[in-house]
Amino acid sequence: MTHNRRPSWSALALFVAACAGATGTNQPPGDTPALTRTVLLTGLSNPWDIAVAADGAMFFTEKCRGLSVRRADGTVTRLFGTSGSALVAPDLECLGQSGVHGVALDPAFATNRTLYVYMLSNINTSPRTNRVVRLALNSGYTSASNRVDIISDIAFKDVANAVGGAGSHSGGRIRFGPDGFLYVTTGDNHNPTLPQSPTMLGGKVLRVTTSGAAAPSNAPPAGFDARIFTYGHRNVQGITFRPGTGQPFTSEHGPNHSDEVTPLVNGGNGGWDPKDRPALVCPDNYCGYAGNPSTMPMTDVARFPAAMRPAWNNGGASQGMGPAEFLVGPQWRAWNGRLAVGIMGGSRLAILELDASGTATGAVDASLPAVRYRALTLGPDGNLYVATDAGEIWRVTPSPASP
Ligand SMILES: [Ca+2]
């Protein structure tokens, strides 16, 4: 009996095709959605985040102005923020990268008209702090009231240092998870000790109730603030939840290298620790911009062997990773379940394919304009809402590709 011990060319071709499929580069052309981009708003001032209600009302923040709503009929009302808003926040400040950042609707928004905003406030001084405030809206989306600051002690970079200006690295994305808790991302403030600090709320992902209390199931190490879900982060710009498992995935700027997407584990350490690196020259003791991926890694598995591993590392140089959002629903065709990641410096929208463990197995760029992608939100209508640093908000609608 004889066997051909070498794979036939046809079998080899199938193998190559399977591998190409696994990397997401060989999807049938008709299975990739065509994208229709509708510009909803232009001329905005640093739009930072978007939340969409079931009735089509779209809330958006502008960094130095506040929160506004665009109703389904296209009319816009400023709800909360600087002078001219329905509810003025006299303590709101805009400084450097900081100001009004994330917005999230309460899971029961349809009945309680409650939403949440992340903002820089001067109620606390020396240092000022980032806060998460809760607001109630009226039924007509014309007024906001009942402000309650549910988190008031998120670290803020009050003073410039050798590596950057005041207001740097404030994090600021807020999203409700499928578990009903509010996840809040923060940044390291160019402070060497913040990410690994057990008590300071910078360089963290927090998980809290709608009153700002720690989610009871949070499991940070002993001695940590109970609101901490994960720690050891640099400047988390996006958080989204994988359909099916509900696992949170973050997107995070690297310094001059190593942008990271990371699946989070309750109580986990992201492995960012920009301090105490004697071999490096560290201005103001912040080593975050010194060294390289080996000497100042985004995930330092030498110091923290159990650190959460990234699912995707955006190649060598940082391209300024921004927001992330899972695409969900059959309308996304081959992209259903994939992770959209906005790249700011790189001016592109990356679509990642993940395996069952959450590791990225391939990435393609969406056919969309080259802009700085600041916010990504999947609306209840299944479309992707995008805010750009050029001051626009788009609705991106998937449809079957043309034959
Ligand atoms: Ca990391």
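Here, each number is a calculation from the coordinates, and none is a lab measurement. Computed from a prediction, not measured in an experiment: that's the story for all the values here. Positions of Cβ are backbone-derived with ideal geometry, glycine not excepted, and every protein chain shown enters the neighbour counts.
When only Cα pairs under 8 Å and 6 or more residues apart are kept, what is the percent relative contact order across the chain?
16
Regarding the chain, what are the three Cα extents along the principal axes, ordered largest first, in Å?
Taking the Cα atoms of the chain, the three principal extents are 85, 58, 38 Å.
Check the straight Cα-Cα distances from residue 275 and name the aspartates and glutamates below 18 Å, setting aside those fewer than 8 residues away within the same chain.
Those aspartates and glutamates meeting the cut-off are 188, 284, 300.
Can you run the Rg to Rh ratio on the stretch 327-403? Use alpha carbon positions and the Kirkwood inverse-distance Rh.
Numbers: Rg = 12.5 Å, Rh = 13.0 Å.
Rg/Rh for the stretch 327-403 comes to 0.96.
With an 8 Å cut-off on Cα pairs and a minimum separation of 6 or more residues, tell me the relative contact order of the stretch 166-306 in percent. The partial results should precede the final answer.
Working: 336 pairs, mean separation 28.2, N = 141.
Worked out over the stretch 166-306, it gives 20 percent.
Quote to one decimal, in nm, the extra length available between residue 34 and residue 148 on full extension: 0.36 nm per residue of separation minus the C-alpha distance between them. Intermediate values should be presented prior to the final figure.
Working: separation 114, 0.36 × 114 = 41.04 nm, distance 4.26 nm.
Extra length from residue 34 to residue 148 when fully extended: 36.8 nm.
For a protection proxy built on the mean count of beta-carbon atoms within 10 angstrom, sort 281-288, 186-193 highest first, please. Write down the numbers at each step before the final one.
Numbers: 281-288: 17.9, 186-193: 25.8.
The densest-packed peptide leads the list: 186-193, 281-288.
Mind sorting 386, 396 by how few other Cβ atoms lie within 10 Å of their own Cβ, fewest first? Intermediate values should be presented prior to the final figure.
Working: 386 29, 396 21.
Least to most surrounded, the residues fall as 396, 386.
Considering only 67, 105, 35, give the residue with the highest GNM mean-square fluctuation for the chain, with springs between Cα atoms whenever their separation is below 10 Å.
35
Using a 10 Å cut-off around each Cβ, can you sort 208, 371, 236 from fewest to most neighbouring Cβ atoms? Show your work: numbers first, answer last.
Numbers: 208 22, 371 19, 236 30.
By the 10 Å Cβ count, ascending, the order reads 371, 208, 236.
Report the far tail of the P(r) of the stretch 313-361, meaning the percent of Cα-Cα pairs longer than 16 Å. List each step's numbers first, then the result.
Numbers: 505 of 1176 pairs.
Everything past 16 Å amounts to 43 percent.
If contacts are Cα pairs under 8 angstrom and at least 6 residues apart, what is the relative contact order of the stretch 139-192 in percent? Walk me through the intermediate numbers first.
Working: 58 pairs, mean separation 15.8, N = 54.
Value for the stretch 139-192: 29 percent.
Work out the P(r) tail for the stretch 285-344: percent of alpha carbon pairs separated by more than 17 Å, whole number.
Working: 1022 of 1770 pairs.
Of the Cα pairs, 58 percent sit more than 17 Å apart.
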